[in-house]
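Q: Encoded as structure tokens, here's the structure I'll be asking about.
The values are calculated or read from the model by the stated rules, or taken from the named source; none is laboratory data. Small disclaimer: the values here were computed from a predicted structure and weren't measured. In this analysis, Cβ positions are derived from the backbone assuming ideal geometry, glycine residues included, and neighbour counts consider all displayed protein chains.
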Ligand code: SAH
């Protein structure tokens, strides 16, 4: 083991100034240059802390008491904020959250991307930053003989009951409460993680923001659900808007929520929703953006940056169920989408049909292997969209972009650090980052989404 070189000792009490927030919402204080990460404190605050853990280049401390409070500090309205861990920023005003996210984007674009002269716009936030999530997914357990459903207590597998989650749509709260009550009354046995016994693992509720349609999903270990018929009848009678009741079976001893088998118990196999004027079918397993209002803001920005006039060929790498592809297809000559998950591509094709959009083509596979083949076949994009997962784009894909030389690259990113890394590679290959628009898709958490516009400077 390397020797720990810290100017503080474990359990030492210190008064510190909080200078910054990390990308996961911890405050940062520096003691003789050695960073200490401290949960629940904010930049500008002075706090008494107790050193908890020391690593080679950094350590962790716990808040003992606040000495000076930030003017941006607020009382978290959620009663279970400290126990749950689903949100990290409820103690910071929303304005403060947007500033912190904006600063984080600036910092990494400069530090990792080494890009100085780019316009980074202020973060586009929500008018009302609560109740935005359209999907709730709660684990089910047992307490004092009754069924509970809510969340895992921080750093444990203990399930705590939850009546309300302030970042979920109200309707989801209602669905979860009613389904929980019905399951309890009919004696449905909660899943026991350690023994891999019992029936009900998770309850999921999905909500179509524009249509009001609701999907209820029972995620069970067993095929059989006792009193299924009566429970379904009660759900449809008591919850307005339910159009789909689904069972997903996951018999494995695993942390993965959904299993492979899905059955329709009642109604349709999908619910519908719109982003702008494009209609989407959403199944129990589909990936669909969780904040519908801000998704529209994000996609409109991507569309604006793409500046389409109907003549362009567009490639949408990492296309998921084709949301961006279909949104852009209305103003492009042709859109090609590629995505690694086969079911997502099935959804994408179905969504194209649903909207009678015929100028799109979808392929299953890795973006970094499919797109080079397209290139060899003579498919060249004028506008290249990427929307990769947190780890960013594969290097081989970036090299293909540099060979293909599209006029524009529109980079949609959920991780500013990998965005910065990839923008650097594209800048070194002849592109210039024109502007970056961060969008707040996940209020109360540290996550921030960005859209970046790059144009080609070399021939
Ligand atoms: N653009 C979509 C989805 C973005 S999420 C939307 O806005 O809804 C990123 C997507 O990339 C996921 O659907 C994931 O399955 C997919 N993915 C991950 N690695 C990939 C790869 N190497 N090639 C293609 N797609 C990939």
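Q: Is it the case, given these coordinates, that residue 295 is modelled with pLDDT of 95 or more, within 16 Å of the ligand (Cβ to nearest atom) and either farther than 30 Å from residue 454 by Cβ or in the same structural domain as residue 356 (by TED's automatic domain parsing) (or both)?
A: Considered against the rule, which asks whether it is modelled with pLDDT of 95 or more, within 16 Å of the ligand (Cβ to nearest atom) and either farther than 30 Å from residue 454 by Cβ or in the same structural domain as residue 356 (by TED's automatic domain parsing) (or both), residue 295 comes out as yes.
Q: Being closer than 25 Å to residue 274 by Cβ and part of a loop (DSSP other than H, G, I, E, B) is the filter here; which residues of segment 209-242 pass it?
A: 209, 210, 211, 212, 213, 239, 240, 241
Q: Could you please find all residues in segment 319-329 being more than 10 Å from the ligand (Cβ to nearest atom) and within 13 Å of residue 275 (Cα to Cα)?
A: Within segment 319-329, 326, 328 qualify.
Q: Can I ask one more? Looking only at segment 169-177, decide whether some residue is outside any helix (DSSP H, G or I) and touching a residue at least 24 places away in the same chain (Cβ under 8 Å).
A: Yes, segment 169-177 contains at least one residue that is outside any helix (DSSP H, G or I) and touching a residue at least 24 places away in the same chain (Cβ under 8 Å).
Q: Has segment 400-414 got any residue that is surrounded by fewer than 24 Cβ atoms within 10 Å (Cβ to Cβ), under 21 Å from residue 449 (Cβ atoms) and within 20 Å of the chain's Cα centre (by Cα)?
A: yes
Q: Looking at 378, 322, which is the one that is touching a helix residue (DSSP H, G or I) at 6+ places or on another chain (Cβ under 6 Å) and farther than 21 Å from residue 426 by Cα?
A: 322
Q: Are any residues in segment 445-459 assigned to a loop (DSSP other than H, G, I, E, B), farther than 11 Å from residue 413 by Cα and touching a strand residue (DSSP E or B) at 6+ places or on another chain (Cβ under 9 Å), and if so, which ones?
A: Scanning segment 445-459 gives 446, 457, 458.
Q: Okay, next question. Could you count how many residues in segment 248-288 are within 16 Å of the ligand (Cβ to nearest atom) and more than 26 Å from residue 209 (Cβ to Cβ)?
A: Looking only at that region, the number is 1.
Q: Being assigned to a strand (DSSP E or B), assigned by TED's automatic domain parsing to the domain that holds residue 374, farther than 23 Å from residue 268 by Cα and within 8 Å of the ligand (Cβ to nearest atom), is that true of even one residue in segment 309-318?
A: Yes: segment 309-318 contains one or more residues that are assigned to a strand (DSSP E or B), assigned by TED's automatic domain parsing to the domain that holds residue 374, farther than 23 Å from residue 268 by Cα and within 8 Å of the ligand (Cβ to nearest atom).
This table checks each residue for (1) under 24 Å from residue 89 (Cα atoms); (2) at pLDDT below 95.
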site	(1), (2)
149	yes, yes
153	yes, yes
160	yes, yes
167	yes, no
175	no, no
182	no, no
192	no, yes
208	no, no
216	no, no
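Q: Out of segment 389-399, which residues are in contact with a strand residue (DSSP E or B) (Cβ under 7 Å, 6 or more places away or on another chain) and either surrounded by fewer than 16 Cβ atoms within 10 Å (Cβ to Cβ) or in a loop (DSSP other than H, G, I, E, B) (or both)?
A: Within segment 389-399, just 393 meets the criteria.
Q: Can you find a residue that is touching a residue at least 60 places away in the same chain (Cβ under 8 Å), touching a strand residue (DSSP E or B) at 6+ places or on another chain (Cβ under 7 Å) and within 13 Å of the ligand (Cβ to nearest atom) anywhere in segment 410-426?
A: So far as segment 410-426 goes, yes, one or more of its residues are touching a residue at least 60 places away in the same chain (Cβ under 8 Å), touching a strand residue (DSSP E or B) at 6+ places or on another chain (Cβ under 7 Å) and within 13 Å of the ligand (Cβ to nearest atom).
Q: Has segment 154-161 got at least one residue that is farther than 21 Å from residue 263 by Cα, within 20 Å of the chain's Cα centre (by Cα) and in a loop (DSSP other than H, G, I, E, B)?
A: So far as segment 154-161 goes, yes, one or more of its residues are farther than 21 Å from residue 263 by Cα, within 20 Å of the chain's Cα centre (by Cα) and in a loop (DSSP other than H, G, I, E, B).
Q: Tell me which residues, restricted to segment 341-387, are within 12 Å of the ligand (Cβ to nearest atom), assigned to a loop (DSSP other than H, G, I, E, B) and at pLDDT 95 or above.
A: Result: 365, 366, 387.
Q: A further question follows. Being out of contact with any strand residue (DSSP E or B) (no Cβ under 7 Å at 6 or more places or on another chain), part of a strand (DSSP E or B) and outside the structural domain of residue 435 (by TED's automatic domain parsing) is the requirement here; does residue 30 meet it?
A: Yes, satisfied.
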